[in-house]
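Student: Sending over a structure as structure tokens; questions will come in a sec.
The values are calculated or read from the model by the stated rules, or taken from the named source; none is laboratory data. All of these numbers come straight from a predicted model, not from anything done at the bench. As a convention, Cβ positions derive from the backbone with ideal geometry for all residues, glycine included, and neighbour counts pool all protein chains shown. Heavy atoms of the whole protein, side chains included, go into the accessibility calculation; ligands, DNA and RNA do not. Shrake-Rupley method; radii C 1.70, N 1.55, O 1.52, S 1.80 Å.
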Amino acid sequence: MTDDIPAYDLPDVLTVTADGPVRTVTIDRPGELNAVNEPLHWALAHVWRQLAADTAAKVVVVTGAGRAFSAGGDLDWITSFLDDPVAREESLREGAQIIEEMLRFPLPVIAAVNGPAMGLGASVAVLSDVVLMSRSAYLADPHVSVGLVAGDGGAAFWPLLTPLLRSRVYLYTGDRIDAPTAVDLGLATAVSEPEDLLDDALRLARRLAAQPAPALRATKRVANMYLSQALSGAMQAGFAAESVTMCSPEHRERLLALRRSAARR
């Protein structure tokens with residue numbers, strides 16, 4: 001059942017639906033594997049304050065439409081940064097806003113990772129309070145493989161959640177982390193069967209919605225205070241380093257080669 005909810009000022013690539021006190025946020029570019037383009041990036045930066053202003057909301061579930069959670073950055077959009085420094089810097093500012101807004105967001109967030117979660121998609125998933133992964137899903141941060149520093153999350157906060165000697169190899173190589181390994185590393189909470197994932201997420205969401213709201217929100221605030229303090233310096237350094245590598249010849253060469261390869265498929 002979908003209830004009436006306040007109007008959300010969002011592009012149609014990010015939708016919000018309601019079931020009682022639970023809000024489900026769906027990344028909705030299924031034909032592009034939910035790759036993040038300019039409107040979706042903006043929406044991910046601005047949805048959190050709108051959700052916080054929805055006084056009937058108590059818990060949020062984030063998932064992807066179709067067979068992916070989010071396949072990272074849209075190649076056409078990212079390629080446009082090569083010769084547009086203004087757009088490039090705006091994307092970095094907005095990327096920092098996404099992380100900061102998620103860390104400040106007062107309600108519990110459950111990620112229902114239904115398929116590949118790459119780059120920023122992996123960051124949105126892992127920044128959630130609970131990460132439920134379909135057995136067929138995986139995480140990956142391929143920034144280094146295209147000549148970039150993983151400034152929008154992975155390099156800054158994976159080491160806070162995982163054993164450093166294990167997380168570094170995934171950041172350095174961009175290798176996929178399957179669902180059971182993600183749980184083992186501490187990047188995910190539990191594995192669900194694909195057909196059960198959303199039901200599992202909604203069941204937990206309803207359970208959290210029944211908890212005393214002030215105690216739940218204050219507990220999240222205290223836990224995220226630690227993360228925010230630990231991340232502040234690393235995030236600033238990460239985004240500064242990512243900005244530099246966005247201008248590198250290695251990044252240009254690898255990104256254009258990746259785009260040509262994708263166009264041939």
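Student: Mind running the shape call on region 124-265? Use the C-alpha gyration tensor, a ≥ b ≥ c as the square roots of the eigenvalues: rounded below 1.5 for a/c, prolate if a/b tops b/c, oblate otherwise. Please report the intermediate quantities before stating the final value.
Tutor: Working: a/c = 2.38, a/b = 1.47, b/c = 1.62.
Verdict is oblate for region 124-265.
Student: Could you work out how far helix 213-245 tilts from the main Cα principal axis of the chain, as a 0 to 90 degree angle to the nearest 10?
Tutor: For 213-245 against the chain, the angle is about 10 degrees.
Student: Give me P(r) over region 1-138, computed from all C-alpha to C-alpha distances, binned every 5 Å, as integer percentages.
Tutor: 2, 11, 21, 24, 21, 13, 6, 2, 1, 0
Student: Would you mind putting 240-251, 124-135, 55-66 in packing order, based on average other-beta-carbon counts within 10 Å, highest first?
Tutor: Answer by packing, highest mean first, reads 124-135, 55-66, 240-251.
Student: Measure off 7 Å from each Cα along the Cα-to-Cβ vector at Glu94 and Asp178, then give the distance between these two points in nanometres to one decimal.
Tutor: Taking the two extended label points, one gets 3.6 nm.
Student: In addition: Go ahead and collect, in residue order, the members of region 31-71 whose backbone nitrogen is under 15 Å from a label point 7 Å along the Cα-Cβ direction of Arg265.
Tutor: 31-36, 67-71
Student: Using a 1.4 Å probe on the protein chains only, how many percent of the accessible area of region 177-225 belongs to carbon and sulfur? The partial results should precede the final answer.
Tutor: On the way: 1600 of 2820 Å².
Whole-percent figure for carbon plus sulfur exposure: 57.
Student: Extending each Cα 7 Å along its Cβ direction at Leu165 and Ala218, get the distance between those two points in nm, one decimal.
Tutor: 4.1 nm
Student: For the ranges 92-100, 166-174, what's the packing order if you count other beta-carbon atoms within 10 Å of each residue, average per peptide, and put the highest first? Could the numbers behind the result be given before it?
Tutor: On the way: 92-100: 18.7, 166-174: 16.1.
Those peptides, ordered most packed to least, come out 92-100, 166-174.
Student: Another question about this same structure. At 1.002 mPa s and 20 °C, plugging the Kirkwood radius over alpha-carbon pairs of the chain into Stokes-Einstein gives what diffusion coefficient in µm²/s?
Tutor: Details: Rh = 18.6 Å.
After rounding, the answer is 115 µm²/s.
Student: At 1.4 Å probe size, with every protein chain present, just tell me what the per residue accessible area of region 61-146 comes to in Å². Write down the numbers at each step before the final one.
Tutor: Values: 2580 Å² over 86 residues.
On a per-residue basis, 30 Å².
Student: I would also like to ask the following. Could you tell me whether region 46-202 comes out rounded, prolate or oblate from its Cα gyration tensor? Rule is a ≥ b ≥ c as square roots of the eigenvalues, rounded for a/c under 1.5, then prolate if a/b exceeds b/c, otherwise oblate. Can you show the working numbers first?
Tutor: Details: a/c = 1.62, a/b = 1.14, b/c = 1.42.
Taking the square roots of the gyration eigenvalues as a ≥ b ≥ c, region 46-202 is oblate.
Student: For region 179-227, what is the largest minus smallest coordinate of the Cα atoms on each principal axis, given in angstrom and ordered from greatest to least?
Tutor: 33, 25, 9
Student: If each of Ser232 and Thr79 carries a label point 7 Å out from its Cα toward its Cβ, how far apart are those two points in nm?
Tutor: Going from the Ser232 label point to the Thr79 one covers 4.1 nm.
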